[in-house]
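Here the structure is laid out as structure tokens; the discussion comes afterwards.
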Amino acid sequence: MGDVLSEIWDKTLRYFQKRKSDLWRSWFEQLEPISLENGLLRIGVPEQTWMRYLQQMCNEGLKEAAQQITGHLLSLEYYHTDHNQLSDQRYANEPAETIEDGELFCFSPDYTFDHFVVGPSNRLAHAACTAVSESPGQAYNPLFIHGSVGLGKTHLLQAACQVLLKHRPPLRVSYLSCETFINHFIRAVEQGKLHEFRYKYRHADMLVIDDVQFLSDQEQTQEEFFHTFNTLYQTRKQIVLSADCSPAEIPKLEQRLVSRFNQGLVARIDRPDFETRMAIIHKKAQLRGIDPPEEVVTLIARKIESNTRELEGALTKVHGLAMLENGLITLELAREALGEEPISAHHQVTISKIIEAVTKHFDVRLSDLQGKRRSRSIAFPRQVCMYLARDLTNHSLEEIGGHFGGRDHTTVLHAYRTIDKLCDHDVHVRSTVANLVSSLTQA
Ligand code: ADP
Ligand code: MG
């Protein structure tokens, strides 16, 4: 019977993985079927956050999968099987979270420190969030994280919360979006329940409010928040805030709040560089139990530069398409999934075409590019060549170096990064490179 059950469960998982590849995570393999009786399939789940993820995101999909496999109508139930926690009876009934939003809220099991890639663009924000999660109220207070959309603010905030919730005894964490805070406040005023509202938010060990730019122009909520802030701050409770811009840049935010927000640590997240993007794709792939070839990871990291959420979206697209076919992720398939033109021999960019275009544009000679001179007038076109060669051809770094006077792969990588950075900061370089790319790829 046990074997039959495992087989059903295994097939159910495979069915789900194939059709809901965006929801699939590699930890699904750690779920255990407990029993299948009277139309009820019971599943053992070792982590609390996984349980919520399954209930809220995957229940319908898993149910459908199980019904397809067994040919019966079924329902699913999830049981928490963390034996360490069960033996710790003292805390068994204590609600660890004080989060209510009318609807059930769940921390994403994806948003933990383990799953966060640290790079130059986010190092400070990450270090500050870990410090705060280790000693709330003591390290930096308040902690204010800002950066544009999709760069990992919510991820870091939730990661910090999830650490606190694992404390024994658990700490009281209030995590909410700014909009929720505003709505709760307005509702509390309307229903004359301001007292409860205040009690709730002023008695947290850590209050985390995501996207506080929405406080802009909310005079009454700002007033209330100012007092909440002061109460927590005076009792040395941790406050963590995020926004898409720095405190001073939030439009119509009272000056006294701006100065409160600035009095702890303000950390900015920038958009990730190429290496960090590569590492993030690897991390996300691992989480989804897939192992895309390096050239696919490179393709995605090059194509999507500004927003980490879109990196993940691109991976989802590629994986989704692969699951519809034979499960294999190839460069061809990735290009198709991302709407890239298939490479035809006719359009293929070669290193000699790159050299031709660059020497013409900068009015330099091939022998200069291959020689040792380092003056900017030569070194810059040389770096542009290497950049384009890496971007537009499939040659390895070594091969590219070979075309430019036998330079080694670190030199090529350095050139690539240099031009990549310049493209960010210098409009002239950006447009020069863009023109070269379009003339090469449309030729
Ligand atoms: P924000 O709140 O800043 O708009 P999110 O925290 O929602 O951004 O991040 C968007 C997506 O990018 C999430 O899936 C998140 O896990 C991912 N992400 C962002 N930065 C990183 C990183 N450094 N490592 C891993 N994943 C990241
Ligand atoms: Mg966010």
(Q) Which numbered condition in (1) away from ligand 2 (no atom under 16 Å from the Cβ); (2) buried (at least 16 other Cβ atoms within 10 Å of the Cβ) is the only one that residue 327 fails? (A) (2)
**Q.** Close pairs from the range 305-325: first under 16 Å from residue 288 (Cα atoms), partner charged (D, E, K, R) and away from ligand 1 (no atom under 16 Å from the Cβ), Cβ under 6 Å, at least 6 apart
**A.** 323/18
Q | Residue in the range 184-195 that is farthest from residue 133 (Cα to Cα), counting only those that are in a helix (DSSP H, G or I) and in contact with a helix residue (DSSP H, G or I) (Cβ under 9 Å, 6 or more places away or on another chain) | A | 189
Q) Pick from 256, 198: which is at pLDDT below 95, among the charged types (D, E, K, R) and either part of a helix (DSSP H, G or I) or assigned by TED's automatic domain parsing to the domain that holds residue 304 (or both)? A) 198
Q. With respect to residue 200, is the statement that it is touching a His at 6+ places or on another chain (Cβ under 9 Å), under 17 Å from residue 132 (Cα atoms) and surrounded by 15 or more Cβ atoms within 10 Å (Cβ to Cβ) true?
A. no
(Q) With the requirement that a residue be away from ligand 2 (no atom under 14 Å from the Cβ) and outside any loop (DSSP other than H, G, I, E, B), what does the range 160-180 give you? (A) 162, 163, 164, 165, 173, 174
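Return yes when residue 313 is modelled with pLDDT of 90 or more and assigned by TED's automatic domain parsing to the domain that holds residue 281 and no when it is not.
Criteria met by residue 313.
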Q. Within the range 160-180, restricting attention to residues that are touching a helix residue (DSSP H, G or I) at 6+ places or on another chain (Cβ under 7 Å) and over 27 Å from residue 121 (Cβ atoms), which residue is nearest to ligand 1 (Cβ to nearest atom)?
A. 174
Q. Is at least one residue of the range 386-396 within 21 Å of residue 367 (Cα to Cα), without any contact (Cβ under 8 Å) to a residue 40 or more places away in the chain and surrounded by fewer than 17 Cβ atoms within 10 Å (Cβ to Cβ)?
A. no
**Q.** Check on residue 157, within 13 Å of ligand 1 (Cβ to nearest atom), at pLDDT 95 or above, crowded, with 21+ Cβ neighbours inside 10 Å and part of a helix (DSSP H, G or I)
**A.** yes
Q: Output the residue which, of all residues in the range 206-253 that are assigned to a helix (DSSP H, G or I), under 22 Å from residue 131 (Cα atoms) and not polar (S, T, N, Q), is nearest to ligand 2 (Cβ to nearest atom).
A: 212
Q. Taking the range 391-422 only, how many residues are modelled with pLDDT under 90 and over 20 Å from residue 372 (Cα atoms)?
A. 6
Q: Answer yes if at least one residue in the range 259-275 is part of a helix (DSSP H, G or I), at negative phi, surrounded by fewer than 17 Cβ atoms within 10 Å (Cβ to Cβ) and more than 16 Å from the chain's Cα centre (by Cα), and no otherwise.
A: yes
Q. Hey, any hits in the range 131-144 for a residue that's within 13 Å of ligand 1 (Cβ to nearest atom) and either in contact with an Asp or Glu (Cβ under 8 Å, 6 or more places away or on another chain) or free of Cβ contacts under 8 Å to residues at least 60 places away in the same chain (or both)?
A. no
Q) Of (1) away from ligand 2 (no atom under 14 Å from the Cβ); (2) within 20 Å of residue 213 (Cβ to Cβ); (3) in a loop (DSSP other than H, G, I, E, B), residue 151 satisfies all except one. Which? A) (1)
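The values are calculated or read from the model by the stated rules, or taken from the named source; none is laboratory data. None of these values were measured; they are calculated from a predicted model. Using ideal geometry, Cβ is built from the backbone for each residue, glycine included, and neighbour counts are taken over all protein chains shown.
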